[in-house]
Structure formats: C-alpha cells, structure tokens
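The values are calculated or read from the model by the stated rules, or taken from the named source; none is laboratory data. Model, not experiment: these values are computed from the prediction. Virtual Cβ from ideal backbone geometry, glycine too; neighbours counted across all protein chains shown.
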Amino acid sequence: MTTATAPGTVRRDGAGRRLTREVVTFLVVGAGTTALHLGGFVLLRLVTPSQVANAVALLVAAVVNTWANRRFTFGIRGRDGVARHQVQGLVVFVLTLGMTSGGLALLAAAAPGAPAWTETMVVAVTTVAATAVKYAAMRWWVFRRADALSRSGRAGRAGTSPR
C-alpha cells in the first residue's frame, strides 16, 4: 500500500531506510579507509615520493574498503564472489588513483616543492571528490549482482513451505 506524502517529504518505507543505512555505512567505512589512506600517505611520504606514497597507501586502503563495504555496507558474507569483488574494487581504485595522482600532478605543476601538508590536503580533497563515483560504482556494478541474487533468493524462498 502506498501512502501520500506532502511535497518535499521523503517516504520512510523499507527501501528508503535500507538506502539510508547503506549510505551512512558507506560513509563510515569511507571515513575509516580515508583515514587509513591519508595516514599511510603521510608515513610513506617520509621515505618515498608523493606519487609512490599515494599509490601504495591508496592500494592498501582500497582492498580494506572493498572488504568492509562488501561485509558491512552491502551485507555480503561468505567466500562466493570475493575475488571478483576485489578485482572490481581495484578497477574503482584505478579511478580514485587517477583522481588523486592527477591532483598531486596539478599541485606539482602549480606549486613545485609544496609542503607535505599541502600534498596531504590535495589527496584528501580528491579522495572526497571520488567518493560519490566510488559509491555509485560499488552499488550498481561491484555489488549489484550479489544484491539482486540475494533478493531473488529471498523471494524464491518466501513462497516455499518449511520442510
């Protein structure tokens, strides 16, 4: 049964609550893995050039991010699809790496010899900019099939009687 809502209000049905929970969980996971990325960048920057520090720190954060989003944001457990999800997560990583590396390259061109704190801010800003793209890619590409399969599996089981 659908209910009428006043203009500009959001219906709080099951799908709306699920999407809200999913977005909030995605943001919490993202905040944690962004902190991991930036912390790794700062530490690695002490001993490596900024592009290398960014790539290594982002790779580690991307693997952790895909694992955490798979489990907590999209509720997928078990081993089925783990490798595929990580490979797809690495494709998303390449997009994020392109954005963060591009930001660092622009900074190097505009302000050669910029301090590490400025580089860190550029990495942070470009990472935040990549977040919306990352969420869309994970929701509609990386974890889409698993979500659709779990829904169809529940629907198929709902009509069966217990044995």
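For the range 35-58, check the following and say yes or no: at least one residue is polar (S, T, N, Q), buried (at least 20 other Cβ atoms within 10 Å of the Cβ) and without any contact (Cβ under 8 Å) to a residue 40 or more places away in the chain.
No, the range 35-58 contains no residue that is polar (S, T, N, Q), buried (at least 20 other Cβ atoms within 10 Å of the Cβ) and without any contact (Cβ under 8 Å) to a residue 40 or more places away in the chain.
Please give the number of the condition Gln86 fails out of (1) over 21 Å from Val23 (Cα atoms); (2) modelled with pLDDT of 90 or more.
(1)
Going by the conditions given, is Val56 in contact with a Ser or Thr (Cβ under 8 Å, 6 or more places away or on another chain), closer than 19 Å to Ala35 by Cα, at pLDDT 95 or above and of a type outside the set (Asp, Glu)? Before the answer, list the steps.
Values: in contact with a Ser or Thr (Cβ under 8 Å, 6 or more places away or on another chain): yes; closer than 19 Å to Ala35 by Cα: yes; at pLDDT 95 or above: yes; of a type outside the set (Asp, Glu): yes.
The answer is yes for Val56.
What are the pairs, 6+ residues apart or on separate chains, where a residue within the range 100-124 that is exposed (fewer than 15 other Cβ atoms within 10 Å of the Cβ) and at pLDDT 95 or above has its Cβ under 7 Å from a residue that is in a helix (DSSP H, G or I) and not hydroxyl-bearing (Ser, Thr, Tyr)?
Thr118/Leu107
Could you grab me the full set of residues in the range 42-80 that are closer than 21 Å to Glu22 by Cα, aliphatic (A, V, I, L, M) and in a helix (DSSP H, G or I)?
Ala61, Ala62, Val63, Val64, Ala68 - these are the residues of the range 42-80 that are closer than 21 Å to Glu22 by Cα, aliphatic (A, V, I, L, M) and in a helix (DSSP H, G or I).
Those residues that are of a type in the set (D, E, K, R) and either surrounded by 14 or more Cβ atoms within 10 Å (Cβ to Cβ) or more than 19 Å from Ala136 (Cα to Cα) (or both), I need them from the range 72-86; list them, please.
Arg77, Arg79, Asp80
Yes or no: the range 79-89 includes at least one residue that is without any contact (Cβ under 8 Å) to a residue 60 or more places away in the chain, farther than 19 Å from Phe26 by Cα and basic (Lys, Arg).
Within the range 79-89 (the criterion being without any contact (Cβ under 8 Å) to a residue 60 or more places away in the chain, farther than 19 Å from Phe26 by Cα and basic (Lys, Arg)), the answer is yes, since at least one residue qualifies.
Being of a type in the set (Lys, Arg) and at pLDDT 85 or above is the filter; apply it to the range 125-158 and report the residue that is nearest to Gly98 (Cα to Cα). Before you say what the answer is, go through the steps one by one.
Filtering the range 125-158 for residues of a type in the set (Lys, Arg) gives 134, 139, 144-145, 151, 154, 157.
From what is left, the residues that are at pLDDT 85 or above are 134, 139.
On the way: Lys134: 13, Arg139: 20 Å.
Top of the filtered list is Lys134.
Would you confirm whether or not the range 106-118 contains a residue that is polar (S, T, N, Q), in a helix (DSSP H, G or I) and closer than 30 Å to Arg18 by Cβ? Before you say what the answer is, go through the steps one by one.
Filtering the range 106-118 down to residues polar (S, T, N, Q) leaves 118.
Now narrow it down to the ones that are in a helix (DSSP H, G or I): 118.
From what is left, the residues that are closer than 30 Å to Arg18 by Cβ are none.
No: zero hits.
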